Amino acid sequence: MEARLNLFEQGQKAVSTLFGITGYLKKATIEKSLIELVDFRVSQINSCAYCLDMHSKEAIANGETTQRLFGLSAWRETPYFTQRERVALAFAEAVNACEVSDEIYEIAKAEFTEQELVDLTLAIATINAWNRLNITFANTPGTYRVGQFG
């Protein structure tokens, strides 16, 4: 598939805002590895091949295992994820679907601080924006290099 336009050139001003949010999230108290799992899972749900390429490479470069990445779409059936990761993944799926029940919110609230919940929700919203941009403009999967965007 050929890119429809170069998002990072033509959309430079627009995406700089998203890069700013990503920079903020890198300084958040939520573990970077957890954010990568959430980014990868939401990108799976949204079928964003470019983001799956990017976040698999970043996750592996930061010590994630291929076993856990391969099993992420079936995380409920695997023993690979911690309780905190499971809660984050369930919360991410609920936020992504815009169906955050009181039950899932209370479960997440028991695992994460209020600030972490804000940051986790922001991370989910941000990867959704990236997914939609990359899908719309057909950025080519396989072209991302680890650390390419800082």
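The table that follows gives values for the structure above.
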| item | result |
| --- | --- |
| Test for Ala92: is it of a type in the set (A, V, I, L, M), buried (at least 18 other Cβ atoms within 10 Å of the Cβ) and out of contact with any Phe, Trp or Tyr (no Cβ under 7 Å at 6 or more places or on another chain) | yes |
| Residue list for region 99-129, restricted to those being under 16 Å from the mean Cα position of the chain (by Cα), hydrophobic (A, V, I, L, M, F, W, C) and more than 17 Å from Lys26 (Cβ to Cβ) | Leu117 |
| Test for Arg84: is it modelled with pLDDT of 95 or more and touching a helix residue (DSSP H, G or I) at 6+ places or on another chain (Cβ under 8 Å) | yes |
| Residue count for region 35-51, restricted to those that are in contact (Cβ under 8 Å) with a residue 60 or more places away in the chain and either surrounded by fewer than 21 Cβ atoms within 10 Å (Cβ to Cβ) or among the basic types (Lys, Arg) (or both) | 3 |
| Residues located in region 63-78, provided they are surrounded by 10 or more Cβ atoms within 10 Å (Cβ to Cβ) and aliphatic (A, V, I, L, M) | Leu69, Leu72 |
| Neighbours by Cβ (under 6 Å, 6+ apart or cross-chain): first from region 59-74, closer than 11 Å to Glu36 by Cβ; second assigned to a helix (DSSP H, G or I) and among the hydroxyl-bearing types (Ser, Thr, Tyr) | Leu69/Ser56 |
| Looking only at region 95-150, and only at residues there that are part of a loop (DSSP other than H, G, I, E, B) and modelled with pLDDT of 95 or more, the one that is nearest to Glu64 (Cα to Cα) | Phe112 |
| Breaking point among (1) modelled with pLDDT under 95; (2) under 23 Å from Thr143 (Cβ atoms); (3) surrounded by fewer than 19 Cβ atoms within 10 Å (Cβ to Cβ), for Ala28 | (2) |
| Residues of region 36-51 satisfying the condition of being in a helix (DSSP H, G or I) and either more than 10 Å from the chain's Cα centre (by Cα) or farther than 25 Å from Glu106 by Cβ (or both) | Glu36, Phe40, Ser43, Gln44, Ile45, Asn46, Ala49, Tyr50, Cys51 |
| Residue match in region 52-70 (condition: at pLDDT below 95, of a type in the set (S, T, N, Q), part of a loop (DSSP other than H, G, I, E, B) and under 28 Å from Thr113 (Cβ atoms)) | yes |
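The values are calculated or read from the model by the stated rules, or taken from the named source; none is laboratory data. This is a predicted model, so every value here is computed, not measured. Positions of Cβ are generated from backbone atoms using ideal geometry, with glycine treated the same way; all protein chains shown enter the neighbour counts.
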